[in-house]
Amino acid sequence: MKKDRYFRFITILLICCVSFFLTHDIYSHGNEAKHVVIIGCDGMSPSGIEKANTPILDSLMNEGAYTMHARAVMPTSSSPNWASLIMSAGPEQHGITSNSWKPDNFALAPTAVGPEGIFPTIFGVLRKQKPSSVIACFHDWGGIGVLLERKAFDVIEDTDGPINTTERAIDYFKQKKPTLTFIHLDHIDHAGHQYGYVSPEYNKSIEEADRLIGETIKGLRDAEMLDKTTLIITSDHGGVGKGHGGATMAEVVIPWIIAGPGIARAKELKSFVNIYDTAATVAHIFELSTPDCWIGKPVLEAFSPH
């Protein structure tokens, strides 16, 4: 019995040490961020994070700023929310009201359009104002592809599964050191639909996402990007039963975590965060002017005072 307790203690200690070394040096410098990596974990709820074993996410919250009370937009479906994240506006502005939306097939016209005929995204804004930027997207759900201003990107890959998505992003870090990367992981939402959003399998899927986020951080270190990278982790919705799309707290409340150079440490945000504040926050990091049609605002509370 004593031996079992000893080995359990050693295992926990090793996990803590690994998570510390994966995340600690991203925050130990006051350097200006030159890279941003957004990891969107489809269907990941704050309650799921609380129940799952997530040493990497826990370390990111300890070394950065976070809230477990951010809000998605209505409807609580994937396309309206991922669009809101990258377009810094809600469905009332960008017009993406369902997963069946297409640039040439929609019910609600956008209030403004960019050069590619859709509502302006952070990717197009970055490309226009800093043309030499390297911009990448690796997505695990095909629906992401139709939301993007594709000419703004150096690479867009519709990958197969979360492991391949993460590995392709890490390979690209080493090759190109991208300025802005969006990584979309879809397996948590699959687990919610198959087993339920309050199930052991769902919690395990969050633990796998946590592991892959740790691999991403290691990849950034290996690419010599880590100390210049701001990392943002968020979701598009939670779920009820085996579905989502409705108007419940379990569906609309999402996590929002940011860490990296210039970000406050162990800061639980008191200000309210919307999913569409993400693009505005990225624009703030890169010192970009934002389109008049954006309604999001940068989450300034997350940044350390100069």
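The values are calculated or read from the model by the stated rules, or taken from the named source; none is laboratory data. On a predicted model such as this, the values are computed, not experimentally measured, just so you know. Neighbour counts are summed over all protein chains in view; Cβ atoms, including those assigned to glycine, are modelled from backbone coordinates with ideal geometry.
A compact table of results
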item	result
Members of region 35-60 that are among the hydroxyl-bearing types (Ser, Thr, Tyr) and over 16 Å from Val252 (Cβ atoms)	Thr54, Ser59
In region 280-306, residue surrounded by the most Cβ atoms within 10 Å (Cβ to Cβ) [restricted to those that are under 22 Å from Met61 (Cβ atoms) and at pLDDT below 95]	Ser304
Where Asp42 falls short, out of the listed (1) touching a Lys or Arg at 6+ places or on another chain (Cβ under 8 Å); (2) acidic (Asp, Glu); (3) within 20 Å of Asp186 (Cβ to Cβ)	(1)
Selection from region 156-182 of residues that are touching a residue at least 60 places away in the same chain (Cβ under 8 Å) and touching a Cys at 6+ places or on another chain (Cβ under 8 Å)	Thr181, Phe182
Residue in region 81-97 that is surrounded by the most Cβ atoms within 10 Å (Cβ to Cβ), counting only those that are closer than 10 Å to Thr111 by Cβ and touching a residue at least 40 places away in the same chain (Cβ under 8 Å)	Ala89
Yes/no for Ser271 being out of contact with any Phe, Trp or Tyr (no Cβ under 8 Å at 6 or more places or on another chain) and over 19 Å from Ile183 (Cβ atoms)	yes
Scan of region 130-161 for residues that are of a type outside the set (D, E, K, R), touching a Gly at 6+ places or on another chain (Cβ under 7 Å) and within 14 Å of Gly40 (Cβ to Cβ), ordered by number	His139
Qualifying position, being touching a His at 6+ places or on another chain (Cβ under 7 Å), closer than 23 Å to Ile86 by Cα and charged (D, E, K, R), among Asp154, Asp140, Asp210	Asp140
Residue match in region 214-223 (condition: in a helix (DSSP H, G or I), among the hydrophobic types (A, V, I, L, M, F, W, C), closer than 22 Å to Gly43 by Cα and in contact with a helix residue (DSSP H, G or I) (Cβ under 8 Å, 6 or more places away or on another chain))	yes
Output for region 262-279, where each listed residue is farther than 16 Å from Met68 by Cβ and buried (at least 21 other Cβ atoms within 10 Å of the Cβ)	Ile263, Tyr276, Ala279
Residue that is surrounded by the most Cβ atoms within 10 Å (Cβ to Cβ), among those in region 191-234 that are over 18 Å from the mean Cα position of the chain (by Cα) and among the basic types (Lys, Arg)	Arg221
Subset of region 169-190 (residues that are part of a helix (DSSP H, G or I) and crowded, with 17+ Cβ neighbours inside 10 Å)	Ala169, Ile170, Tyr172, Phe173, His187, Ile188, Asp189, His190
Pair list, Cβ < 9 Å and 6+ apart or interchain, from region 195-217 residues that are among the charged types (D, E, K, R) to residues that are outside any helix (DSSP H, G or I) and crowded, with 24+ Cβ neighbours inside 10 Å	Glu208/Leu185
Pick from region 210-232, criterion of a type in the set (A, V, I, L, M, F, W, C) and out of contact with any Pro (no Cβ under 7 Å at 6 or more places or on another chain), ranking: nearest to Ala280 (Cα to Cα)	Ile232
